[in-house]
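Chemist: Could you have a look at this structure, given as structure tokens, before my questions?
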Amino acid sequence: MSLQPIDQRRIDAAVKNGASVRGAARETGLNYGAVRGYLAKRQVPTIAPPPPGEPAVLLYDIETAPALAWMWSAYDANVIAIEKDWYLLSVAYRWLGSDDTYFVSIYQDPKFYPDTQDDLYLAERIKLLFDAADVLVAHNGDRFDQRKVNARLLWHDLGPASPYKTVDTAKQARRYFANYMNSLKDLGRLYNLGSKLENEGFSLWRKCMAGDPAAWATMEAYNRQDIEVMEKLYLKLRPWMQGAGAAPNPNFQSETPVCTHCGSDKLQKRGVRTTSVSTFQTYQCGDCKGYSRSRLSDRDALKPGLVP
């Protein structure tokens, strides 16, 4: 017996609420054997864990399927009704400090079929990534990636991910620099960070939705390449992200002073910074060139047991 996505979600909801296999079959009114077979094949979500001993900084980029709509006119998108809503297609991600980039898509779901809108398999894994991260880094992430993921977590009733901070590299590029354009493609070209992979446009997305293996191979390469460029952009921007309202840098912990931007211990003293009540030692990093200051004022640094 082939179960439809709506039946699978009903089974998942019943089990999530504590039902046994037989109880889930009884609650949903589905065949016991079909329910048992589905749950036996249900994969436990897994992700690549962050590197140990460091703040967990996740660089990620999602791709989504478009919505299918009826409309009276293409001008100003005069939409009458939505035939099919958008959904998640894939995510590429890398943990800062790791050399490996990973890719997860709905096409990897054992239950995938052409034009499915069931992205639970992917949503569960992205939630695990967000749960494990201290900082999320994405280009246009605050406006697009993060909110798109949240929308699907809400739709699947998966609950919010554990608290994290975000760095939107597009937002930071606009904040600190006056470039004509701030797309990942243009910033990659401008600062010689690499190029986004060219693709055939919407037809690639349509082929992936239909389950074309070659199209999915191209989508994976495209998604992965975005992470390569974005990581270089993030590292280039990171020394500039300081001052009131700045994007968060990882909270590097050390017995001795380290760069608050990259964690390097190659610090050079660069004078002092004076506030209305205290004076702090200023450092410049020999690796990323970013500036930071001691965590304690000169007066507090003299107290026993405190690390500057």
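Chemist: Can you give me the angle between helix 32-41 and the longest principal axis of the chain, using Cα atoms only, in degrees from 0 to 90, rounded to the nearest 10?
Modeler: 30
Chemist: Percent antiparallel among DSSP beta bridges with both residues in the chain, to the nearest 5?
Modeler: Percent antiparallel among DSSP bridges in the chain is about 80.
Chemist: Roughly how many Å is it from the Cα centre of region 1-78 to that of region 185-203, as a whole number?
Modeler: Between the Cα centres of region 1-78 and region 185-203 lies a distance of 32 Å.
Chemist: For the chain, which span is the longest to avoid every loop-located (per DSSP) member of GluC sites (Glu not before Pro) having at most 13 other Cβ atoms inside 10 Å?
Modeler: 1-197
Chemist: Compute, for the chain, the length of the dipole vector about the Cα centre, with Cβ point charges of +1 (Lys, Arg) and -1 (Asp, Glu) only. Units Debye, rounded to 20.
Modeler: Computed charge dipole of the chain: roughly 860 debye.
Chemist: Starting from the Cα of R26, step 7 Å along the direction of its Cβ; do the same at K232; then give the gap between the two resulting points in nm.
Modeler: Roughly 6.1 nm, to one decimal.
Chemist: Using a/c under 1.5 as the rounded threshold, could you call region 151-238 rounded, prolate or oblate? The axes a ≥ b ≥ c are square roots of the C-alpha gyration tensor eigenvalues, and prolate needs a/b larger than b/c, oblate otherwise.
Modeler: oblate
Chemist: Sticking with this one: Please tell me the relative contact order of region 48-126 in percent, rounded to the nearest whole number, where contacts are Cα pairs under 8 Å and at least six residues apart.
Modeler: RCO, region 48-126: 27 percent.
Chemist: Here's another thing I want to ask about it. Give me the aspartates and glutamates in straight-line cross-link reach of K232: C-alpha distance below 15 Å, same-chain residues under 8 apart excluded.
Modeler: D61, D99, D100, D168, D186, D287
Chemist: Next question, about the same structure. For region 1-42, how big is Rg over Rh, using alpha carbon atoms and the Kirkwood form of Rh?
Modeler: Rg/Rh: 0.89.
Chemist: Starting from a Cα-only point model with no solvent, please compute log10 I(q)/I(0) by Debye for the chain at q = 0.12 1/Å.
Modeler: Log10 I(q)/I(0), no solvent term: -0.91.
Chemist: Also, I was wondering about something else. Where does the charge balance sit around C208 when Lys and Arg score +1, Asp and Glu -1, over other residues with C-beta under 12 Å from its C-beta?
Modeler: -3
Chemist: Hey, what did region 3-139 get for relative contact order, percent, Cα under 8 Å, at least 6 apart?
Modeler: Relative contact order comes out at 24 percent.
Chemist: Counting alpha carbon pairs within less than 8 Å and at least 6 residues apart, what relative contact order, in whole percent, applies to region 49-239?
Modeler: 23
Chemist: Quick one: which of K148/K289; K111/K185; K148/K185 span more than 31 angstrom between C-alpha atoms?
Modeler: Long pairs (Cα-Cα over 31 Å): K148/K289; K111/K185.
Chemist: With Kirkwood's inverse mean 1/r over C-alpha pairs for Rh, give me the Rg to Rh ratio of region 18-173, two decimals please.
Modeler: 1.04
Chemist: Sticking with this one: Among residues other than Y222 whose Cβ falls under 13 Å from its Cβ, what is the net charge (Lys/Arg +1, Asp/Glu -1)?
Modeler: Around Y222, the charge tally is -3.
Chemist: Same structure again: For the chain, what does -39500 (n - 2.57) per DSSP helix run (n ≥ 4), summed and divided by total residues, give at 222 nm, in deg cm²/dmol to the nearest 500?
Modeler: Calculated mean residue ellipticity at 222 nm is -10000 deg cm²/dmol.
Chemist: In addition: Between A74 and R147, how high is the FRET efficiency from 1/(1 + (r/R0)^6) when r is the Cβ-Cβ distance and R₀ = 30 Å? Nearest 0.05.
Modeler: Calculated value: 0.70.
Values in this text are rule-based calculations from the coordinates and carry no lab data. These figures come from a predicted structure and were not determined experimentally. Here Cβ is always computed from backbone atoms with ideal geometry, including for glycine, and neighbour counts include all displayed protein chains.
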